[in-house]
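Structure first, commentary second.
The values are calculated or read from the model by the stated rules, or taken from the named source; none is laboratory data. Predicted model only: the values in this text are computed from it and were never measured. Every residue, glycine among them, receives a Cβ derived from its backbone with ideal geometry; neighbour counts consider all protein chains shown. For the accessible areas, the whole protein counts, side chains as well, though only heavy atoms, and no ligand, DNA or RNA atoms are used. Shrake-Rupley method; radii C 1.70, N 1.55, O 1.52, S 1.80 Å.
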Amino acid sequence: MRQMFLSLILCAFAATAARAADAPVTPGLGPQELMEKVSRDLLVELEGNRDALRKDPARLRSLVDKHLLPHFDTDHAARLVLGKHWPAATPEQRKRFVDAFYQSLMANYGEALLEFTDDRVKFLPFRGDPGANSATVRTEVKRNDGTVVPVNYSLRRTPTGWKAWDVTIEGISYVKNFRTDFGAEINEKGIDAVIERLEAQNRAPVGSGAAPAKQAGRAG
């Protein structure tokens, strides 16, 4: 269940991906319209390339970086994940944590993208205020066994457009779960030790058996 939880997170974040890092998003798109559009765009690139991507982890990670990173608010999410430890961290520690945490998730769960198909995600009617600075977009994601899971995206309006910063799956928040996990590890070992563990994990060759990022305890 824990790996399934993070796989669903990545599939959910994938639906907020853009066409390319250098391709501007159409101005004026609301959060739901943006997510629906970029979800379709991602599927176009995945279709016909799944076997090749499955055999080439480096190419898969490059695809994730290209499509996901520009439209996921890594700094805001990392600030919330670190919680009380963020103010005490130096600018260098903050940057290293943001980079290491994101790359850790992508390295360990990028293959979840290969299962992302057009029949796996259903967008529900939007209930928010289009003029607000934050929004929740509701979807349902179908698991491999056919069960349907409610997945809600949290987005915030930024100067460069709407960006995702959290995903809540069956009432379980990605940010809150990782804040608990990393908070306990930082309390025990310190933030530098946590960053160094993530960085070492990210440097390990694909398939080397390096341990994935700590996973959300409530999910399994």
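When you scan segment 171-187, do you find a residue that is closer than 23 Å to V64 by Cα and among the acidic types (D, E), even just one?
No; the residues of segment 171-187 include none that is closer than 23 Å to V64 by Cα and among the acidic types (D, E).
Looking at segment 107-118, is at least one residue assigned to a loop (DSSP other than H, G, I, E, B), open to solvent by 30 Å² or more (accessible area, probe 1.4 Å) and touching a residue at least 24 places away in the same chain (Cβ under 8 Å)?
Going residue by residue through segment 107-118, those that are assigned to a loop (DSSP other than H, G, I, E, B) are 116-118.
Still in the running and open to solvent by 30 Å² or more (accessible area, probe 1.4 Å): 117-118.
So of that shortlist, the ones also touching a residue at least 24 places away in the same chain (Cβ under 8 Å) come out as 117-118.
Yes - at least one qualifying residue is present in segment 107-118.
When segment 159-178 is examined, which residues are found to be polar (S, T, N, Q), surrounded by 13 or more Cβ atoms within 10 Å (Cβ to Cβ) and either within 19 Å of L34 (Cβ to Cβ) or modelled with pLDDT of 90 or more (or both)?
Listed by number, the list holds a single entry, T168.
Take G48 and tell me if it is over 19 Å from the mean Cα position of the chain (by Cα) and either at pLDDT 80 or above or open to solvent by 40 Å² or more (accessible area, probe 1.4 Å) (or both).
So G48 fits the description; yes.
Taking the criterion of being among the hydrophobic types (A, V, I, L, M, F, W, C), under 13 Å from the mean Cα position of the chain (by Cα), modelled with pLDDT under 90 and surrounded by 17 or more Cβ atoms within 10 Å (Cβ to Cβ), would at least one residue in segment 121-143 satisfy it?
Within segment 121-143, none of the residues are among the hydrophobic types (A, V, I, L, M, F, W, C), under 13 Å from the mean Cα position of the chain (by Cα), modelled with pLDDT under 90 and surrounded by 17 or more Cβ atoms within 10 Å (Cβ to Cβ).
Is at least one residue of segment 145-156 more than 16 Å from L29 (Cα to Cα), charged (D, E, K, R) and either touching an Asp or Glu at 6+ places or on another chain (Cβ under 6 Å) or crowded, with 17+ Cβ neighbours inside 10 Å (or both)?
no
Collect the residues in segment 59-85 that are modelled with pLDDT of 80 or more, over 17 Å from Y153 (Cβ atoms) and crowded, with 16+ Cβ neighbours inside 10 Å, keeping them in residue-number order.
Residues satisfying the conditions are A78, R79, L82, G83, H85.
Before we move on, is A164 assigned to a strand (DSSP E or B), in contact with a Gly (Cβ under 7 Å, 6 or more places away or on another chain) and not charged (D, E, K, R)?
no
Need the failing condition index for I191 against (1) modelled with pLDDT of 90 or more; (2) over 30 Å from P31 (Cβ atoms); (3) open to solvent by 50 Å² or more (accessible area, probe 1.4 Å), just the number.
(3)
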